[in-house]
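Okay, structure first, notes after.
The values are calculated or read from the model by the stated rules, or taken from the named source; none is laboratory data. If you're wondering where the values come from, they're calculated on a predicted model, not measured in any experiment. Note: ideal-geometry Cβ built from the backbone for every residue, glycine included; neighbour counts use all protein chains shown.
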Amino acid sequence: MKKFFATFFLVIFSSVNAADFVSATRAGMASGLPIPIFYEEPVVRPRDGASHTPVNLEGPVDSSYIVGPGDFFEILLPSGQEGLQVSPEGTLAIQGCGLVYVSGLTLSEAKRKILDKARTRYDPKFTGVHLVQLRRFVVNVRGAVWNPGQVMATGQMRVKGAILLAGNFKQTANKDSVYIYRKGDTIATTENILLHPGDIIEVPHAEWQQTIDINYAGKIITISHIPGRTLKEYLKELGIEVGSSNNSISVLYPQDGFTRWIDIEQIGSFVPEPLNEIGFHIQAPYVYVGGAVALVGKVPYNSSMRMADYIAASGVTIITGDFHRASVLRNGKEVSVDLATGEILPGDFIDIPRKRYEQVKDVVMFSTSVIGVFATIITIISLVK
């Protein structure tokens, strides 16, 4: 019984207070006194699917970031948090406040405009806004990349980020100028500029005259020539580690058909030229030495050795050999090479002729032998008769 009377009096008391409040409010309206704002019942809108997508920011978003359709904001209101996405028209619809246009504004400008709009209805102490996800859009990357095609970019992505998503530059890419086709305009730039929706990124190939070929492990790789870059730097970019079995390198100059050989230790100092064809070899090439030497045969090639060094390595016989008249045969043709400074190439044949005195002595000895043979024949014929 006591609980019944307590409940009865509480209901009566509440009804009286409510009636008094309504009467006071009407009186205040009649007298022009300010009426306090009372918010509607807390209704927290469920965040849509975009808000549940993991935030994928490349880094802190600068206040100068340009807001556009697809950017996702979260607004703090007295009624709770509200997730809003910028519409294709560039607007946000704030609960109880209407639309606010934010597309094209910097992030700081957009946040200020959103707060100003929200504070026309809500207490500033209970409002706030922050960007929770950048807009996503499609750009097209084509040309000298490994995986050309469409990639998904964000509002803060730059050119190099899209190229990286497309598999990065090919070795033949011309990185000195990248073209961006944007709404009928063509932008040629080396700057890492921000992307816009619908951008087409063109990575041009280097002209064939500005490339080099590297033949390694049976594969020929064409890569853009960069002035001043060493062979070691090219190999590092290609991810090639030269093994201990590779002990010589050939460098072909197609312009004149000249082939130069370098040692494996020279990759850190050798700077290729455009159109060079570079090959790595397992076995060391040889130089062949013949004539008046003690050891006729082949001598392992060494780029630092000259013709005199090869002759010395073969044991020239000074008494019989005339190394000052040594000749070099290259690809079946005799070439002029200085004894002390001339460069010898793999496959060259060095011939050291005998001294003239030795040649004359050989002729005399041969003639004497022939005369002796004829004398013997004549003597035999006379005896037979």
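For D123, the conditions (1) at pLDDT 90 or above; (2) out of contact with any strand residue (DSSP E or B) (no Cβ under 6 Å at 6 or more places or on another chain) are fulfilled apart from (1). Remark: V151 falls outside the filter, which requires a residue to be modelled with pLDDT of 90 or more, in contact with a helix residue (DSSP H, G or I) (Cβ under 6 Å, 6 or more places away or on another chain) and not assigned by TED's automatic domain parsing to the domain that holds A166.
Scanning the stretch 202-217 for residues that are in a helix (DSSP H, G or I) and either polar (S, T, N, Q) or more than 24 Å from I278 (Cα to Cα) (or both) gives Q209, Q210.
Residue-wise test of (1) of a type outside the set (A, V, I, L, M); (2) over 19 Å from the mean Cα position of the chain (by Cα); (3) at pLDDT 90 or above.
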{"residue": "V138", "(1), (2), (3)": "no, yes, yes"}
{"residue": "L164", "(1), (2), (3)": "no, no, yes"}
{"residue": "G167", "(1), (2), (3)": "yes, no, yes"}
{"residue": "T190", "(1), (2), (3)": "yes, no, no"}
{"residue": "D199", "(1), (2), (3)": "yes, yes, yes"}
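May I ask you to list the residues in the stretch 169-201 that are surrounded by 14 or more Cβ atoms within 10 Å (Cβ to Cβ) and in a loop (DSSP other than H, G, I, E, B)? Once the filter is applied, which keeps residues that are surrounded by 14 or more Cβ atoms within 10 Å (Cβ to Cβ) and in a loop (DSSP other than H, G, I, E, B), the stretch 169-201 yields K170, Q171, T172, N174, K175, I193, L195, H196, P197, D199. Counting only residues that are surrounded by 18 or more Cβ atoms within 10 Å (Cβ to Cβ) and more than 18 Å from Q156 (Cα to Cα), the stretch 98-114 holds 2 of them. Going through the stretch 221-270 one residue at a time, which ones are part of a helix (DSSP H, G or I) and without any contact (Cβ under 8 Å) to a residue 40 or more places away in the chain? Passing the criteria: K232, E233, Y234, L235, K236, I264, E265, Q266, I267, G268.
Quick grid of which residues meet (1) more than 30 Å from G347 (Cβ to Cβ); (2) aromatic (F, W, Y); (3) modelled with pLDDT of 85 or more:
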| site | (1), (2), (3) |
| --- | --- |
| A173 | yes, no, yes |
| T211 | no, no, yes |
| I214 | no, no, yes |
| G228 | yes, no, yes |
| E237 | yes, no, yes |
| E241 | no, no, no |
| V251 | no, no, yes |
| G257 | no, no, no |
| W261 | no, yes, no |
